[in-house]
Amino acid sequence: MFTISGINLSSLAVAVPAHKISNHNYPFATVKEKDLFIKTTGIENRRIAPEGLTASDLCFEAARKLHDKIPAGCDDIGVLIFVSQTPDYLIPPTAIRLQHRLGLPKSCIALDINLGCSGYVYGLSIVASMMKSSGAKKGLLLVGDVSSSVVSSSDKSTAPIFSDAGSATILESSAEENRIHFSLHNDGEGFQAIHIPDGGMRSKFSSASLEYHKISEGIERNPTHLIMNGVDVFNFSLREVAPDAKSLLHYCGKKNKDIDYFIFHQANLLMNEAIRKKLDIPSEKVPYSLHDFGNTSSASIPLTLVTQLADILRNKKLSLMLCGFGVGLSWGTALLETDKINCLPLIEI
Amino acid sequence: MLLPDFIKNFEAEFPDLTPGTLSPQTVFKQLDSWNSMQALIFIAMIDSKYNVTLTAENLHDCNTITDLFTLVQNKVKAKANS
């Protein structure tokens, strides 16, 4: 666990595709299965990017809108981190293209981070750390995924869960002794719990990569599609997330009552509620965006902030705990204070 | 930890089941409503009520309600002794 001082989260914007899909219309499951799925996961609707709209496009629009609304807030950005598992290209890094698209100076440090559900928490720690070490006055964290592009539409174990979004967060250096506390963990033993078999260097793309396999009723995919072992991910989350949150609270000398909101990665309602109950947090302190936006991978924490807490983020000083957990396996918890931040309304593209 | 209570807890997670229809010998995997989602719901219930974790392999190795009960009971005992 560690603490970074003198860095504030000052501005936040999130963009989602305008195209909505209802899980009631998912064609590869029975009505009964769909009803149980929606009730259990809490996911009824999702946003799906059309062909050609990438995670970087969603993040770009979020950043561009921030620049339009608060131009002074976007000056002096010295660090740009793009966290995504759906980059524009395998080579080069997407962050560098984004640095150019956003008109940021060549002196702006720009790099990609390959993380999913824990990515927002990790991204905050990396931007804040690099700002401290480089002396940058501002840092831009772009976090997002178009997970719909890597799941098989005929796989009922993944397709009805994932949704697309991109976010932009500005961190600013501050003379105040504002502190962000972090706890970051990984467990590579579980690397296959969520993975895409083909397309990397370990198992290169080939003609066989496009051959579909029927795994079971309602689950057909090829090796370029995302596989998720639901039980393994579920057990990992139940085992690790609540103890990590408790440890960070202890490290900071805080208790549940000192935190205004706990923002969990939006995995699914069954899992998140189990974690909430383990932490003994009242439900009113745990907002959800699952119902209308599904699991948006790395963008789910900022998306939940923007869709569920925008007014209060703009008008009040808040103490927030952010918990990201998933692919890797990787999990991270952050505890920070926000003070009347610039929080733009949800952007639809 | 009692078997009748365990069966009641199991039935409570299956909205299609009429309470009292399951027996210790019921092969749970043959229930119409048993599926991968229901398995996660069951695992969450066991975690919540008994504070132990069931893996996919655990479920694969069980057939009857009694098998599940014995498994959970053993895990609870092992946890208490650890």
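The values are calculated or read from the model by the stated rules, or taken from the named source; none is laboratory data. Remember, predicted model here, so these are calculated numbers, not experimental data. Because the Cβ atoms are built from the backbone with ideal geometry, glycine has one as well, and the counts that use them run over all protein chains shown. Remember, those area values only see protein heavy atoms, side chains included, never the ligands or the DNA or RNA. Shrake-Rupley method; radii C 1.70, N 1.55, O 1.52, S 1.80 Å.
Starting from the stretch A:99-206, pick out the GluC sites (Glu not before Pro) whose DSSP state is loop and whose Cβ has at most 14 other Cβ atoms within 10 Å.
Values: sites: A:172, A:176, A:177, A:189; in loops: A:176, A:177.
Sites meeting the loop and neighbour criteria: A:176, A:177.
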Projected area averaged over all directions for the convex hull of the alpha carbon atoms of chain B, nm², comes out at 5.0 nm²
Shielding of B:39-47 by partner chains, average beta-carbon count, 10 Å | 5
In the stretch A:173-247, the trypsin sites (Lys or Arg not before Pro) that fall in loop regions by DSSP, at most 13 other Cβ within 10 Å = A:202, A:204
Sort all Cα-Cα distances of the stretch A:201-349 into consecutive 10 angstrom bins from zero, then give the percent of pairs in each bin up to the one containing the longest distance.
-> 10, 34, 30, 16, 9, 1
Mind telling me which of A:143, A:127, A:83 comes out most flexible in a GNM of chain A, alpha-carbon contacts under 10 Å?
-> A:127
Beyond 15 Å, the calculated P(r) of the stretch A:137-223 holds a percent of Cα-Cα pairs equal to 75 percent
In degrees rounded to 10, the 0-90 angle between helix A:31-41 Cα long axis and the longest Cα principal axis of chain A is 20 degrees
Cα-based Rg/(2.2 N^0.38 Å) for the stretch B:19-60, rounded to two decimals, is 1.21
Compute the signed sum of charges (Lys and Arg +1, Asp and Glu -1) over the other residues within less than 14 Å, Cβ to Cβ, of residue B:76.
-> +2
Buried accessible area between A and B, both sides, 1.4 Å probe, in Å² rounded to 100, is 1200 Å²
If one takes the longest principal axis of the Cα atoms in chain A, at what angle in degrees, from 0 to 90 and to the nearest 10, does the Cα axis of helix A:119-134 lie?
-> 30 degrees
Using Cα-only point scatterers and the Debye equation, what is log10 of I(q)/I(0) for the stretch A:1-108 at each q in 0.09, 0.15, 0.20, 0.24 Å⁻¹, rounded to two decimals?
-> -0.38, -0.83, -1.09, -1.32
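Are there GluC sites (Glu not before Pro) in the stretch B:1-67 that DSSP marks as loop and that have at most 16 other Cβ atoms within 10 Å, and which are they?
Details: sites: B:11, B:13, B:57; in loops: B:13.
Passing sites in the stretch B:1-67 are B:13.
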Based solely on its DSSP helices, what 222 nm [θ] is calculated for the protein assembly as shown when runs of n ≥ 4 H residues each add -39,500 (n - 2.57) and the sum is averaged over all residues, nearest 500 deg cm²/dmol?
-> -11000 deg cm²/dmol
Could you give the dipole magnitude of the stretch A:226-269 about its Cα centre, charging the beta-carbon of Lys and Arg +1 and that of Asp and Glu -1, in debye to the nearest 20?
-> 200 debye
Step through the residues of the stretch B:30-37 one at a time and calculate ³J(HN,Hα) from phi using the Karplus curve (6.51 cos²θ - 1.76 cosθ + 1.60, θ = phi - 60°), rounding each to whole Hz and writing x for Gly and Pro.
-> 8, 5, 4, 8, 6, 8, 5, 5
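Carbon-plus-sulfur fraction of the accessible area of the protein assembly as shown, 1.4 Å probe, in percent?
On the way: 9980 of 18980 Å².
Solvent-exposed carbon and sulfur of the protein assembly as shown make up 53 percent of the total.
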List the aspartates and glutamates whose Cα lies under 15 Å from the Cα of residue A:65, skipping any in the same chain that are fewer than 8 positions away.
-> A:57, A:75, A:348
So what are the radius of gyration and Dmax for the Cα set of the stretch A:54-213, in Å?
-> 17.4, 57
Accessible area per residue in Å² at 1.4 Å probe, computed on the protein assembly as shown | 44 Å²
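Work out, in µm²/s and without decimals, the Stokes-Einstein translational diffusion coefficient of the stretch A:175-244 at 10 °C, 1.306 mPa s, Rh from Kirkwood over C-alpha pairs.
On the way: Rh = 15.2 Å.
Rounded to a whole number, D works out at 104 µm²/s.
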Over the protein assembly as shown, volume per residue of the alpha carbon convex hull, in Å³ | 149 Å³
Which peptide among A:306-314, A:94-102, A:278-286 comes first, and what is the full order, when sorted by highest mean count of other Cβ atoms within 10 Å?
-> A:94-102, A:306-314, A:278-286
Candidates A:299, A:63, A:193; GNM for chain A (alpha-carbon contacts under 10 Å) flags as most fluctuating A:193
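Step through the table entries A:34/B:79; A:255/B:49; A:254/A:285; A:257/A:278, compare each Cα-Cα distance with 27 Å, and write down the pairs that go over it. Present the calculation step by step, with values, prior to reporting the outcome.
On the way: A:34/B:79 36 Å; A:255/B:49 24 Å; A:254/A:285 15 Å; A:257/A:278 15 Å.
The answer is A:34/B:79.
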Would you kindly calculate the translational diffusion coefficient of the stretch A:100-171, applying Stokes-Einstein with the Kirkwood radius from alpha carbon pairs, for 20 °C and a viscosity of 1.002 mPa s, and quote it in µm² s⁻¹ without decimals?
-> 151 µm²/s
